[in-house]
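The values are calculated or read from the model by the stated rules, or taken from the named source; none is laboratory data. Values in this document were obtained by computation on a predicted structure and should not be read as measured data. Cβ placement follows ideal geometry from the backbone for every residue including glycine, while neighbour counts extend to all protein chains displayed. To get the accessible areas, we keep the full protein, side chains included, count just its heavy atoms, and leave off ligands, DNA and RNA. Shrake-Rupley method; radii C 1.70, N 1.55, O 1.52, S 1.80 Å.
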Amino acid sequence: MSILLSIRDVSLTLYANRQKYQKKILHHVSLEIPTGKTVALVGESGSGKSMLGLSILGLLPKALYPSYTGEILFKEIDLLKCSENSLYNFRGKHISMIFQEPSSALNPLKTLRSALQEVLILHRKQEFLNRADLDAAMFDILDKVGFSYAKNKLDAYPHQLSGGQKQRLMIAMALSAKPELLIADEPTTALDVTLQKELLMRLQHIQETQGMSILFISHNLPLVSRIAHFVGILKEGQMVEQSETEKILKTPSHPYTRKLWGSIPDRWVQDDPQDFNFQKTLLQVRNLEVTLRHNKILHDINFDVHAGQTVSIVGESGSGKSTLALAIAQLLHYSGEIIFQNHRLSSLSPENLRQERRHFQMIFQDLFSSLNPRMCVQDSLMEGMKNYKLWSLEERKIRIQNILSQVELSADILNRYPHQLSGGQRQRICIARSLLLEPQLLILDEPTSALDVTVQKEILHLLVTLQKRISIGYIVITHDLKVVESIAHHVIVVKSGRVIEQGSAAEILNRPKDCYTKQLMESARWAM
């Protein structure tokens, strides 16, 4: 078996504050990626997975003064010793990368068409005799990644695409150069379960036909078990275990690996809907419709949310789930009625709506964009309490310390900025920021998508514990069936902006009636 990439005894140290502060990120990491095989790198948020992936292509910010020891050999060429110009020749054509956060990786000034064609022209220009050839190659790669209705989105900018569409565009750009090695950093995080399954099967097909190798970075062990030939387990920058996938699944030797396998969330709410005692109605949605740019996105949506109840909204990417959340949060124009605690929100004055907003908070899907890049973590957490003049300064600091402890973050994170945090850390900060205002209704758009399984279990348990204590209501938008099974009382299935089916979690998960819901549940269990 030939080895395409060999990581040998690599250590990484980063420096900050004019090199006065240093932190060792990777400790003597070794890993081999055979030609045509998939190697998965699994670990908790902040374990150094993404740092290792970025190091292969020399993409860590120069301001961090990255210092390496060891070797990263690609076809016997040490990438750590290559100049910037030499690395430029490897990027894209030989080694390509799918970044964890498409929103921050995509150029906001480039349309889908221009972004994808730029890569094609840069790396495969000699293949195209005319514009028609270029367009054909573009549609071919979009079709390979399952980008539906691509012709309608060619002139759309990143902010006009759904989270799943942005992710698929990023994957299409990475694959368009036909690389020998694909570094996939959480490539399915923003994708619904149907597309997760479809895309991973497509990746496997491309791998088989092109002989491409894949470094698959993920926190999802069950998903990894479906596609990887080899698995490496990273903990706090150290490779604690690596072996063939089957061996790690059946006989994990390290306690940390066994802990990861034991972190699948349990079901923490009652199963029998007759046992629910939801008396106070928090939110009523009646005949809700949303039209954007003359396109009707949502059609006649109706449901209620009660105090102490979790309503989960599931559906494919682009089905209108996030649009529904934004409408409820009064961030989009809509027709119909949204009534929160007997207040018709569309009738409130701007000041009254501002006061009411404290009681219904939202955690956005796009974490990087929802955090102010100019504010450190402490200022972001403090901002909401300042705006509503809640509690004294000392009380605010105590509350911040308590919430950080609950979301498993240390106090030394308070002075960091969003770009200095991992995806999982940003997600926990957004959850903490919303909970600090003690809302009565919390709208969570993919709240655990960037979290590793151990932290995901802790966060879900925190949400359920909080719900039992103060009867907070949740609207949880997710494509992760494990999240739905763990905390949902009521499930709403959305397709193409319409409610296809809704009912108790037990009914929808175990006895779905609609064919689409059955397909969705089948795909979700494939990834578990």
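Key figures for this structure:
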item: Residue 278, sole failed condition from (1) surrounded by fewer than 23 Cβ atoms within 10 Å (Cβ to Cβ); (2) in contact with a helix residue (DSSP H, G or I) (Cβ under 7 Å, 6 or more places away or on another chain); (3) in contact (Cβ under 8 Å) with a residue 12 or more places away in the chain; result: (2)
item: Elements of type strands (runs of 3 or more DSSP E) contained in region 1-51, each with 3 or more residues being in contact (Cβ under 8 Å) with a residue 40 or more places away in the chain and not hydrophobic (A, V, I, L, M, F, W, C); result: 3-16, 21-34
item: Hits in region 443-478 (condition: among the acidic types (Asp, Glu) and surrounded by fewer than 20 Cβ atoms within 10 Å (Cβ to Cβ)); result: 458
item: Test: residue in region 387-402 that is over 25 Å from the mean Cα position of the chain (by Cα), closer than 29 Å to residue 351 by Cβ and of a type in the set (A, V, I, L, M); result: yes
item: Subset tally (residues that are in a helix (DSSP H, G or I) and hydroxyl-bearing (Ser, Thr, Tyr)) for region 415-442; result: 1
item: Residue ID - surrounded by the fewest Cβ atoms within 10 Å (Cβ to Cβ), chosen from residues in region 292-350 that are part of a strand (DSSP E or B) and among the acidic types (Asp, Glu); result: 300
item: Count of region 134-162 residues which are in a helix (DSSP H, G or I), open to solvent by 40 Å² or more (accessible area, probe 1.4 Å) and modelled with pLDDT under 85; result: 3
item: Residue list for region 481-509, filter: open to solvent by 30 Å² or more (accessible area, probe 1.4 Å) and in a loop (DSSP other than H, G, I, E, B); result: 496
item: Selection count, region 165-189, where residues are of a type in the set (Lys, Arg) and either over 15 Å from the mean Cα position of the chain (by Cα) or open to solvent by 30 Å² or more (accessible area, probe 1.4 Å) (or both); result: 1
item: Filter result (in contact with a helix residue (DSSP H, G or I) (Cβ under 7 Å, 6 or more places away or on another chain) and open to solvent by 30 Å² or more (accessible area, probe 1.4 Å)) within region 190-212; result: 197, 202, 204
item: Residue within region 380-397 that is of a type in the set (Lys, Arg), closer than 22 Å to residue 483 by Cβ and outside the structural domain of residue 328 (by the TED database) present; result: no
item: Flag if residue 459 is without any contact (Cβ under 8 Å) to a residue 60 or more places away in the chain and within 24 Å of residue 324 (Cβ to Cβ); result: yes
item: Yes/no for residue 382 being outside any strand (DSSP E or B), within 24 Å of the chain's Cα centre (by Cα) and at pLDDT 90 or above; result: no
item: Selected residue (criterion: nearest to residue 89 (Cα to Cα)) from residues of region 108-133 that are in a loop (DSSP other than H, G, I, E, B) and modelled with pLDDT under 90; result: 128
item: Long-range neighbours under 7 Å by Cβ, at least six apart or interchain, first residue open to solvent by 80 Å² or more (accessible area, probe 1.4 Å) within region 405-421, second in a loop (DSSP other than H, G, I, E, B); result: 415/376; 417/373; 417/376; 419/373
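To keep it simple, each residue is scored yes or no on (1) in contact with a Gly (Cβ under 8 Å, 6 or more places away or on another chain); (2) assigned by the TED database to the domain that holds residue 94.
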position	(1), (2)
40	yes, yes
48	yes, yes
52	no, yes
55	no, yes
68	no, no
72	no, no
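Table: residues versus (1) open to solvent by 10 Å² or more (accessible area, probe 1.4 Å); (2) in contact with a strand residue (DSSP E or B) (Cβ under 6 Å, 6 or more places away or on another chain); (3) not aromatic (Phe, Trp, Tyr).
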| site | (1), (2), (3) |
| --- | --- |
| 3 | yes, yes, yes |
| 12 | no, yes, yes |
| 21 | yes, no, no |
| 24 | yes, yes, yes |
| 31 | no, yes, yes |
| 61 | yes, no, yes |
| 75 | yes, no, yes |
